[in-house]
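The values are calculated or read from the model by the stated rules, or taken from the named source; none is laboratory data. A quick note: this is a predicted structure, and the numbers were derived from the prediction, not measured. Heads up, the Cβs are rebuilt from the backbone with ideal geometry, glycines too, and the neighbour counts pull from every protein chain shown.
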Protein chains: 2
Amino acid sequence: MKKRKIPEASIRRLPLYYRYLELLQADGVERVSSTALSLRTGLTASQIRQDLSYFGEFGRQGYGYDVPALKRELAEILGMRQGYHAVVVGAGRFAEALVENFPFQEYGIQLSGVYDTAPEKVGGTLGGRRVYHTDELPYRLAAHPAEIGILTAPAETAKDLANTLSDAGVKGIWNCTNADLRPHHGTPVIENVQLFDSLFSMCGRMGSREGT
Amino acid sequence: MKKRKIPEASIRRLPLYYRYLELLQADGVERVSSTALSLRTGLTASQIRQDLSYFGEFGRQGYGYDVPALKRELAEILGMRQGYHAVVVGAGRFAEALVENFPFQEYGIQLSGVYDTAPEKVGGTLGGRRVYHTDELPYRLAAHPAEIGILTAPAETAKDLANTLSDAGVKGIWNCTNADLRPHHGTPVIENVQLFDSLFSMCGRMGSREGT
């Protein structure tokens, strides 16, 4: 595939397309139109065509998109074939929920370590994985690099831990704490999960609906 | 305050403003300019002025926004003063992480019940709260209504559970499963958390950065 620069806004929608293609493929569907994708995703067909135009050869007028081929290509762009390694920093309930339930391995991400500072956690296991002390992060990552840092530690430690991860060569920080991290030039890509914003944007829409 | 219709895209950004106002207030800051908010949130000052123009009286040229007053107003719009009740459906690790760590009560949301179908969970407790059988949802909600349903059950049960919650009068569904729920006319407001999309949009941006 020719490497064209995909806009960030489009990249943000690719996982959604990927999930739908996965459902379609599980149903044995071989091709899909932008109109059908529109009905399932709630995005407009023209938005979808624009987002997927960066994968030109998989959509043809009157044919639609080739489901397995487009899905393979999206997996590539989304890093699922990069063999990424991830460390989890913070061994609380949320980390446990992620480690036990999130299908990292199915999508090509290898969890290579869980870290915490609490004496009662270090040396124990979380979801079957050994928990190391956060102080060990730098030298453990020097020996076995990881591209992804998953932050689930308390909010007040997020910024320092993000710096530690960044110094240790991590390329992306998935910030599941309730502190915002801002990207700086040359630092890892940062994704703030922010469950607070998600819940209260819903509550705000509930109220605005009542008002109409 | 006069009731003006606030666009959904603006409502989605209000929780972010709320969090920053909270930090500012904790630091004793009494007023803030859109430029200062812009530096902290990463949104443009003109976007911020437009979003907050629906709260006209709190921003004045050359003065900025009155922090406590604007924060109070946002709390109102975000439903934090509505006395909302929420039920949690699905008593797994993620539910445990939420119930134990998410500051629902601090923001005016009362958790009124946890539900699951697993015999080993029903009758037990989760984060100090009794777990009821999901079959009890309709009559328990008939007696003690809840406005918010928090879905943390397995993805394949999400649609049926959303219907149950909708029939029981819930006004908003915070969908933390990895199944998408689509809103229909007259159904509750739906917010899909989708951790998958968040993680892989980050991975996609990591790859696109490498390519430049």
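A few points about this structure:
- Residues of segment A:172-212 classified as free of Cβ contacts under 8 Å to residues at least 12 places away in the same chain and in a loop (DSSP other than H, G, I, E, B), total: 7
- Scanning segment B:110-125 for residues that are touching a helix residue (DSSP H, G or I) at 6+ places or on another chain (Cβ under 8 Å) and modelled with pLDDT of 95 or more, we see that the one that is nearest to A:Phe200 (Cα to Cα) is B:Leu111.
- The single condition among (1) within 13 Å of chain B (Cβ to nearest Cβ); (2) modelled with pLDDT under 95; (3) touching a helix residue (DSSP H, G or I) at 6+ places or on another chain (Cβ under 6 Å) that A:Ala45 does not satisfy is (1).
- The number of residues in segment A:129-158 being among the basic types (Lys, Arg) and exposed (fewer than 15 other Cβ atoms within 10 Å of the Cβ) comes to 1.
- Subset tally (residues that are facing another protein chain (nearest Cβ under 7 Å) and among the acidic types (Asp, Glu)) for segment B:156-212: 2
- Selection status of B:Gly62, over 17 Å from the mean Cα position of the chain (by Cα), at positive phi and surrounded by fewer than 19 Cβ atoms within 10 Å (Cβ to Cβ): yes
- Matching residues, segment A:115-127, being more than 14 Å from chain B (Cβ to nearest Cβ), of a type in the set (A, V, I, L, M) and buried (at least 16 other Cβ atoms within 10 Å of the Cβ): A:Val122
- B:Leu39 meets each of the listed conditions (1) free of Cβ contacts under 8 Å to residues at least 60 places away in the same chain; (2) crowded, with 16+ Cβ neighbours inside 10 Å; (3) within 13 Å of chain A (Cβ to nearest Cβ) apart from (2).
- Test for B:Val29: is it buried (at least 18 other Cβ atoms within 10 Å of the Cβ) and at pLDDT 90 or above: no
- A:Arg31 being free of Cβ contacts under 8 Å to residues at least 12 places away in the same chain and either more than 14 Å from chain B (Cβ to nearest Cβ) or charged (D, E, K, R) (or both): no
- B:Glu96 vs. criteria away from every other protein chain (no Cβ under 13 Å) and acidic (Asp, Glu): no
- For segment A:11-28, the set of residues classified as assigned to a helix (DSSP H, G or I) and either more than 9 Å from chain B (Cβ to nearest Cβ) or of a type in the set (A, V, I, L, M, F, W, C) (or both) consists of A:Ile11, A:Leu14, A:Leu16, A:Tyr17, A:Leu21, A:Glu22, A:Leu23, A:Leu24, A:Gln25, A:Ala26, listed by residue number.
The rows are residues; the columns are (1) in contact with a strand residue (DSSP E or B) (Cβ under 9 Å, 6 or more places away or on another chain); (2) within 25 Å of B:Ala91 (Cα to Cα).
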| residue | (1), (2) |
| --- | --- |
| A:Leu74 | no, no |
| A:Met80 | no, no |
| A:Ala86 | yes, no |
| A:Ala95 | yes, yes |
| A:Glu100 | yes, yes |
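The rows are residues; the columns are (1) out of contact with any Phe, Trp or Tyr (no Cβ under 8 Å at 6 or more places or on another chain); (2) among the charged types (D, E, K, R); (3) within 14 Å of chain A (Cβ to nearest Cβ).
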position	(1), (2), (3)
B:Tyr63	yes, no, no
B:Lys71	no, yes, yes
B:Met80	no, no, yes
B:Tyr84	yes, no, yes
B:Gly92	yes, no, yes
B:Pro103	yes, no, yes
B:Glu106	yes, yes, yes
B:Ser112	yes, no, no
B:Tyr132	no, no, no
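- Sole exception among (1) within 16 Å of A:Phe196 (Cα to Cα); (2) more than 16 Å from the chain's Cα centre (by Cα) for B:Gly127, by number: (1)
- Scope segment B:80-114; condition farther than 25 Å from A:Thr152 by Cα and in contact with a Ser or Thr (Cβ under 9 Å, 6 or more places away or on another chain); matching residues: B:His85
- For first residues located in segment B:56-79 and modelled with pLDDT under 80, partners that are surrounded by 19 or more Cβ atoms within 10 Å (Cβ to Cβ) and not acidic (Asp, Glu) and lie 6+ apart or on another chain with Cβ distances below 6 Å form the pairs B:Phe58/B:Tyr65; B:Phe58/B:Leu70; B:Gly59/B:Leu52; B:Gly59/B:Tyr65.
- Matching residues, segment B:127-138, being at pLDDT 95 or above and under 25 Å from A:Met206 (Cβ atoms): B:Tyr132, B:Thr134, B:Glu136, B:Leu137, B:Pro138
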